[in-house]
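Peer 1: Below you'll find the structure I mean.
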Amino acid sequence: MRAGPKVATEVVVAATSRMWMRAYCGICLLCGCFPVLAGVLPEDRADVMYHAYDGGGVEISGPSLLVLKKIGQDVAVTGNYYVDSVSSASIDVVTSGASKYSEDRTEVSAGIEYLHGNSIMSMSYTNSDENDYQANTAGFGISMDMFGNMTTVSLGYLRSWDTVENNTDPTFSEDVDRQNYQLGLTQVITPDMLMEVNFETITDEGYLNNPYRSVRYLDSASADGYSFEPEVYPRTRTSNALALRSRYYLPYRAAISGEYRFFDDSWGVRAHNFEFGYTHPLESGWILEANYRYYTQTSADFYSDLFPRANAQNFMSRDKELSDFSSHSVGFTLAYDLIANGWHFIDRASINLAYEHIWYDYDNFRDLRDTASVPGTEPLYSFNADVAQLYLSLWF
Amino acid sequence: MLAKFLLAVVVAMLASACSSVEPWVRPYERAHLADPIMSFTRDPVASAYMTHVYQAREGARGAEGGHGGGCGCN
């Protein structure tokens, strides 16, 4: 337990990512961790990963264990254990004068899939736990093959119940309810091309801001020329995202991929991201992958780096995740087939190393470490991040 | 509005599934599509992690995909 006023400023840092972590928790099972291939259940597999993130003064690492096992021909069960061990001295911590802090987040997921004809029905449950935030998500999905197995349509619904707490105030407890509506369509285009369209609406209701985070406003009475006050967010948010992805098989056994996603929400955030990838298997059992991603967004209507006065408007935010910014990232993955032809109960196995470097550039979030500048003219903030994953995959 | 449009598209597709649709890519033509390198989520643990990395630092969320399927290779 951290104590005193430092907590408020320390936790500001991690707070920026917390709301999205909740959304991620539930979405993961139905959309990401266990891809549904309608008409056939996925292969039995286990993945053991160590992940590490280092950027902007924040270091996050931990394990992830993912297991999928069929029971008979029609049922598969899944489980995921995931930990984020956070050590943070981000820009928010540094500029508040607080010291580095550490905390853990543990996430446990379970799911079941049932195959019936050309359809797969799935249910999932996820729990995420931190010392000041708990999230529970339940989900249901159905995926159907149709048109001669040329098309797969997927529908999903998730409901999340979060509890927000405050380490500086034991009496503080607020709720957030979230609902995700998902629609997916995967289509065979040619013998060498697949296309996927996904649409998702997410609605949030409840305490959506961070109990620790503050906004900055001009204050001539302050020695710095500015002061801070708590942020205030609307209690509802609705967002829509539409993504288009495609993969194309090249004549010499390699694949290229492309992705575009458009996002907008009721807070005024509008985002685009593009991604391109290339996958190249070698005869020796190696698979090489490279990818480039670009992301850009506009700021929320109530975001400002520096408000003109205290209580300047009814809603206020200085969360850099709601600012104008863009990012570029370049990544590589190296995979090697350790066991290609079976060994005891293992059909095959691969070892994988993935690395990505991300450049973040903010357009209206300023670096307050520069205390010599007139408020509002400090240099714009930017940082780089390194993301690494090492994982072993077993199929059995 | 967009959600309603997409829902209408899906309903229309489900309704038309009652009539026969001739696949223009035959099952025996799907060897390339069945290759693991054509999977949208070949490594689910890695895809989920990167989705988490992006979501934690971006305002956008949703439609990350990974529903898979569609190649009818099995």
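The values are calculated or read from the model by the stated rules, or taken from the named source; none is laboratory data. None of the values given here were measured: they were computed from a predicted structure. Quick reminder, even Gly has a Cβ in these numbers, built from the backbone with ideal geometry, and neighbours come from all protein chains shown. For accessibility, only protein heavy atoms count, side chains too; no ligands or nucleic acids. Shrake-Rupley method; radii C 1.70, N 1.55, O 1.52, S 1.80 Å.
Peer 1: Could you please report the charge total around A:S124, scoring K, R as +1 and D, E as -1 over all other residues with beta-carbon less than 14 angstrom from its beta-carbon? Kindly include the intermediate steps, with their values, before the conclusion.
Peer 2: Numbers: positive: A:R159; negative: A:E107, A:E113.
Once all neighbours under 14 Å are counted, the net charge is -1.
Peer 1: Where does the charge balance sit around A:Y295 when Lys and Arg score +1, Asp and Glu -1, over other residues with C-beta under 10 Å from its C-beta?
Peer 2: +1
Peer 1: Once you put a point 7 Å from the Cα of A:L250 and another 7 Å from the Cα of A:L390, both along the Cβ direction, what distance in nm separates them?
Peer 2: The modelled label-to-label distance comes out at 2.9 nm.
Peer 1: Largest first, how would A:D301, A:D129 line up by accessible area (1.4 Å probe)?
Peer 2: Numbers: A:D301 115, A:D129 70 Å².
Correct descending sequence by accessible area is A:D301, A:D129.
Peer 1: What do you get for the angle between helix A:5-27 and the principal long axis of chain A? Use alpha-carbon atoms, 0 to 90 degrees, nearest ten.
Peer 2: So the helix axis and the longest Cα principal axis differ by about 30 degrees.
Peer 1: At 0.36 nm per residue, and after removing the present C-alpha to C-alpha distance, how many nm does the segment from A:V48 to A:V75 gain when stretched out fully?
Peer 2: Details: separation 27, 0.36 × 27 = 9.72 nm, distance 2.26 nm.
So the chain would gain 7.5 nm between A:V48 and A:V75.
Peer 1: Could you compute the net charge surrounding A:D386? Neighbours are other residues with a C-beta less than 9 Å from the C-beta of A:D386; K and R count +1, D and E count -1.
Peer 2: Its environment carries a net charge of -2.
Peer 1: Using 7 Å Cα-to-Cβ label points, what is the A:T371/A:D219 separation (nm, one decimal)?
Peer 2: Roughly 1.5 nm, to one decimal.
Peer 1: Determine the per residue accessible area of chain A with all protein chains present and a 1.4 angstrom probe, expressed in square angstrom. Please list the in-between numbers first.
Peer 2: Numbers: 16080 Å² over 396 residues.
Solvent-accessible surface per residue comes out at 41 Å².
Peer 1: Taking only C-alpha pairs under 8 Å that are 6+ residues apart, what is the relative contact order of the stretch A:89-174 in percent?
Peer 2: Numbers: 146 pairs, mean separation 16.9, N = 86.
Over the stretch A:89-174, the number comes to 20 percent.
Peer 1: Could you name the aspartates and glutamates whose alpha carbon sits less than 12 Å from that of A:K70, not counting residues in the same chain fewer than 8 places away?
Peer 2: Hits, sequence-local ones excluded: A:E43, A:D44, A:E113.
Peer 1: Using only protein heavy atoms and a 1.4 angstrom probe, determine the accessible area buried between A and B, summed over both sides, in Å² to the nearest 100.
Peer 2: On the way: alone 19120 and 6970 Å², together 19430 Å².
Buried area between the two chains comes out at roughly 6700 Å².
Peer 1: While we're on this one: What residues of the stretch A:331-363 lose no less than 40 Å² of accessible area with every protein chain in place versus their chain by itself (probe 1.4 Å, heavy atoms only)?
Peer 2: Residues of the stretch A:331-363 that lose at least 40 Å² of accessible area once the other chains are added: A:Y360.
Peer 1: Got a sec? Which residues in the stretch A:194-219 would a label at A:D175 touch, if it sits 7 Å along Cα→Cβ and we count backbone N under 12 Å?
Peer 2: Under cut-off, by backbone N: A:205-207.
Peer 1: Over the stretch A:289-396, what percent of the accessible surface lies on carbon and sulfur atoms, probe 1.4 Å?
Peer 2: On the way: 2800 of 5010 Å².
Result for the stretch A:289-396: 56 percent of the exposed heavy-atom area is carbon or sulfur.
Peer 1: Charges on Cβ only, +1 for Lys and Arg, -1 for Asp and Glu, centred on the Cα centroid of the protein assembly as shown; of A:V215, A:S143, A:Y295, which one is farthest towards the dipole's positive end?
Peer 2: A:S143
Peer 1: Gap in Å between the Cα centre of the stretch A:83-126 and the Cα centre of the stretch A:200-277?
Peer 2: The stretch A:200-277 and the stretch A:83-126 have Cα centres separated by 17 Å.
Peer 1: Follow-up. Give me the percent of accessible area attributable to carbon and sulfur for the stretch A:39-179, probe 1.4 angstrom. Spell out each step's value before the answer.
Peer 2: Details: 3170 of 5530 Å².
Summing carbon and sulfur atoms, their accessible area is 57 percent of the total for the stretch A:39-179.
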